[in-house]
1. Carbon and sulfur: what percent of the chain's accessible surface (1.4 Å probe)?
2. What are the ³J(HN,Hα) couplings of the stretch 54-59, residue after residue, when phi is run through the Karplus curve with 6.51, -1.76, 1.60 and θ = phi - 60°? Round to Hz, x for glycine and proline.
3. Through the Karplus equation 6.51 cos²θ - 1.76 cosθ + 1.60, θ set to phi - 60°, convert the phi angles of the stretch 104-121 into ³J(HN,Hα) values in whole Hz; use x for Gly and Pro.
4. Assign unit charges at the C-beta atoms only (+1 for Lys and Arg, -1 for Asp and Glu), then state the dipole size of the stretch 1-97 relative to its Cα centre in Debye, rounded to the nearest 20.
5. Can you give the Rg to Rh ratio for the stretch 51-103, taking only C-alpha atoms and Rh from Kirkwood?
6. Amide H of THR194: which non-local residues (sequence gap of 5 or more, or other chain) have their own amide H closer than 5 Å, using H built in the peptide plane?
7. Could you work out how much longer the chain between ALA9 and ASP151 gets when fully extended? Use 0.36 nm per residue separation minus the Cα distance between them, nm to one decimal.
8. Leaving ligands, DNA and RNA out of it, work out the accessible area of PHE172 with a 1.4 Å probe and give it in Å² to the nearest 10.
Amino acid sequence: MRKGELTRAAILDVALDIASRNGLEGLTIGLLADKMNMSKSGVFAHFGSREDLQIEVVKLYHHHFEQEVFYPSMKEPRGLPRLQAMFARWVKRVSVEIASGCIYISGAVEYDDRPGAIREELAGMVRAWKNALRRCVVQTIEMGHLSSETDPDQLVFEMYGLILALHHDARFLKLPGSVNRAEVGFERLIKSYTNPQSADKPAAKTNPKTAVKKSA
């Protein structure tokens, strides 16, 4: 990478840290310039506007999410092992973000009623992740690990609900044991959708923690 590209990457890393803690609206050119020991014009030289900077931060966050959660999980066998791995890595990432914050969640609060390019970028990435979860659920049904009567959209909704509850209880209320509650909730959720005829298959017994350790 050339010097300009390295500087831009360094600015984005610091900007992502600020946005994770203060929200995307808390990310200002002035604050970023101070953190980088640069002038405001120096920061603007790499980004045309504050909105461009915020969008690039969202893209960087999504890239990290894919690298830590999605792509490693895709190496797991199709069906329940892959679905469990996706949820386990998702929980692991949220548990790390307790000290900072999740841009998907904080961004939803900041931009739920604010139309514009940033909202569209955020919403598009969340939809992409939910679609990936849905595809995995459909494959799990096709593999016979989940009941054929399983509603993929309902299952994804309930999985997302567990993550939101985890983030709320762990970050806002600071309740101990929140991660374990999310894991137990997921196990119970999957059990309620499991195909009785596949109950004895090893795939149906895979634990989310095991799935993470196995591929770590």
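1. Ligands and nucleic acids excluded, carbon and sulfur reach 53 percent.
2. Computed from phi, the couplings for the stretch 54-59 are 4, 5, 5, 5, 4, 5 Hz.
3. 4, 7, 5, x, 5, 6, 5, 10, 4, 10, 10, x, x, 5, 5, 4, 5, 5
4. Roughly 300 debye for the stretch 1-97.
5. Answer for the stretch 51-103: 1.07.
6. SER147
7. Values: separation 142, 0.36 × 142 = 51.12 nm, distance 4.16 nm.
In short, 47.0 nm is gained.
8. Counting only protein heavy atoms, the figure is 150 Å².
The values are calculated or read from the model by the stated rules, or taken from the named source; none is laboratory data. For clarity, every value in this text was computed on a predicted model and none was experimentally measured. FYI the Cβ positions are ideal-geometry reconstructions off the backbone, even for glycines, and counts take in every protein chain you see. Side chains are part of the model used for accessible areas, which takes the heavy atoms of the whole protein and leaves out ligands, DNA and RNA. Shrake-Rupley method; radii C 1.70, N 1.55, O 1.52, S 1.80 Å.
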